[in-house]
């Protein structure tokens, strides 16, 4: 019996890994945390893994543990971590343990500043539809998958979303440096995580290092419309085989995107050039493990999209509304352009929230220039209290408006005032788009969107 203890078990990734490990035979999982929120709380409770009390308890750490896994929420001076070090126990980060559990499998890792969640989700969807067993880790809930992590004895393939953020409080390497893929996908590079990578060249270097850590004779699938990726590919290890991709041929008719293939058109449930590119990357990745193009195209039309990625939240005969996780400049621009291209005859009202450390940093704001130019009306919201909480320099609405560079941009620092402004609008023949990694300071976006598009009915 392998006994595994999670320090900070309530994290978004950590609780999913804990649940996945607990489902394997001959594993006993325990965990601690000082606070656990939903949905982690309910999911851990339903799995019998919720700690009986909150807090850190060094006495839970003993020589009988096979492994201790530490999450980002913990700190270097965590009392349980200290005890684990004193006892000389094996201590793993989340990505380290994923690698250890899949060392004998063919690992597919999807990295990039944008599109990695959706691309990973597409690969997993296709494999599931074709009944090809795979272990996995993905950064969002996928329709038809109970958990965001799966680890098994039987699967010979493992598919991971490769995040470039830090591994753990005691390991400052980017997570995706630890997976050592046989097959890698890089979707593009656009500066993010300024708190960890304060310069763009330093950020780009992480992706170069990622390719250097690939397994021998690895295969790299990359978007050749990205100049930084092209530079990395030009200096690849000789044993790595590159495969370039770009936007496949497609057509939009009556609000539906049709993928053009050698055997005819495939109607898609997703849309936007960036999603078409994600599909193409996934196709090439699947091809490396024996999935034919015919097999891929036979199921891709049913892919519903990943949660919070251009998720349709309400549609009436006069209006349609979406929400999306987009918050970084490249994601924001791609999402706005996608909706405008898909519904060119509709007025586009786009609302985004500056919520992350990078997005609220003065030196990073210029990266947002012209990102919302395709919107007919653009609202940008941020909460000054979040800036204070993150201990960043104050921003003025005038400053934010200037950096976005669009005459169509209006900036709000009060969520109630933004909501009031949105309620004034007639949504006849309109596409409404909410983009945030938060919730506009407590707004239920689904209910609010339904309210907005029915106000003037």
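Data overview
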item	result
Segment 366-435: proportion of alpha-carbon pairs further apart than 15 angstrom, %	59 percent
Residues listed by number, segment 126-167, amide nitrogen under 17 Å from residue 25 label point at 7 Å toward C-beta	151-156
Coordinate range along principal axes, alpha carbons of segment 311-454, Å, largest first	45, 27, 23
Packing-based exposure ordering (other Cβ within 10 Å, fewest first) of 172, 283	172, 283
Dimensions (Å) - segment 2-89, Cα atoms, principal axes, largest first	33, 28, 20
Mean shadow area of segment 39-92, taken as a quarter of the surface of its Cα convex hull (nm²)	4.3 nm²
0 to 90° range, to nearest 10: angle between helix 12-22 axis and the chain longest Cα axis	40 degrees
Exposure proxy ranking, count of Cβ atoms within 10 Å, fewest first, for 41, 250	41, 250
For segment 235-340: Kirkwood Rh in Å [reciprocal of mean 1/r, alpha carbons]	15.4 Å
Rounded FRET efficiency, nearest 0.05, which uses the C-beta distance separating residue 414 from residue 241 and R0 of 41 Å	0.15
Which of 157, 289, 69 has the fewest Cβ neighbours within 10 Å, and the rest in rising order	289, 157, 69
Additional length obtainable on full extension of the chain from residue 63 to residue 165, 0.36 nm per residue less Cα span	33.6 nm
Whole-Å semi-axes of the ellipsoid equivalent to segment 97-300 (Cα gyration tensor, √5λ, descending)	26, 21, 16
Cα coordinate range in the chain, projected on the principal axes (Å, largest first)	65, 53, 42
Principal-axis tilt of helix 329-342 within the chain, Cα atoms, nearest 10 degrees	50 degrees
Gyration tensor over alpha-carbon atoms, segment 36-144, equivalent ellipsoid semi-axes in Å	31, 18, 14
Per-peptide average of other Cβ atoms within 10 Å, ordering 110-123, 196-209, 7-20 highest first	110-123, 7-20, 196-209
Debye-sum result for segment 192-297 in log10 I(q)/I(0), which assumes one identical scatterer on each alpha carbon, at q = 0.12, 0.20 Å⁻¹	-0.54, -1.07
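Laboratory data are not the source of any read-out in this text; all were calculated from the coordinates shown. Bear in mind that the values here come from a model prediction, so they are computed numbers and not experimental data. Heads up, the Cβs are rebuilt from the backbone with ideal geometry, glycines too, and the neighbour counts pull from every protein chain shown.
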